[in-house]
Amino acid sequence: MDKGKRTGFCPSARMTGSTAIGIENDCEDQAITIMPEVCVHPLCAKAGKPLKNRNGFMVCPTCGDSYGRPPRKRRLPEIGEYVRGQGTLVAVQDIVLPPPPVDKDYIFEEITAKVELLLGSEVLNEVCTLWDAYGKETSVKAAIAEAKRYASERKIGPGSDLEVVVIKRVEQVRKRPNREENFYDKTFSSFKSLEVGSKDNLPDPVESIVWSSREEKHESSKTITQQKSSHRPE
């Protein structure tokens, strides 16, 4: 075979278009322009055994690599088989991954309070909404004080068509701790509500009127769905 003739692909080719094909790499599909007389693998080249023609392909009698055809399909070795550059395969093990760590949701009961101006069952104005920034149920105490001031300034009393109410809302929320400290109480970690599913499988929020300009205290309690139709019981 003419040494300068292009011969297709060599699974052991080292450099495309060059006679210097003894450089080691892992390429298996580079075209070669020179058909070597001996296998280009260093050990085979050192042995100096010429390639033999087998069914139209030039085959190395030492390692079995062939020249003049596309590379053979890659496969995984069998136990006991030697892989050049790796060693002899002695075992294959199935690795069972450990289960992922169990996440914990910390379910907190939050209390907020809002002041509203009503005309019958219609909400004319949502005056403000407060949360327990200064301690448990401080939002309710602050909302009642704000409602009294609001009603007094507008002379809204028991005989008025308008009514000022304070609505306490109790709601459970799923949260998880983060690495920051709690700004309001450095004894504890800070918590953040879940971005998705923070209220899944939890009781419905409950809203109740705890103060009214028509009467000192209202004992009624109702869920959010009931509250949408009316703040006051019939």
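Summary table below
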quantity	calculated
Hydrodynamic radius (Kirkwood) for the stretch 106-227, which is based on Cα pairs only, to one decimal in Å	15.8 Å
Restraint check, 114/186; 104/186; 175/199; 141/199, Cα-Cα greater than 19 Å	114/186; 104/186; 141/199
Local net charge near residue 136, Cβ-Cβ under 13 Å (Lys/Arg +1, Asp/Glu -1)	-3
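Quick note: the coordinates plus some simple rules give every number you see, no bench work behind them. Since the structure is predicted, the reported quantities are computational estimates derived from the model, not experimental observations. As a convention, Cβ positions derive from the backbone with ideal geometry for all residues, glycine included, and neighbour counts pool all protein chains shown.
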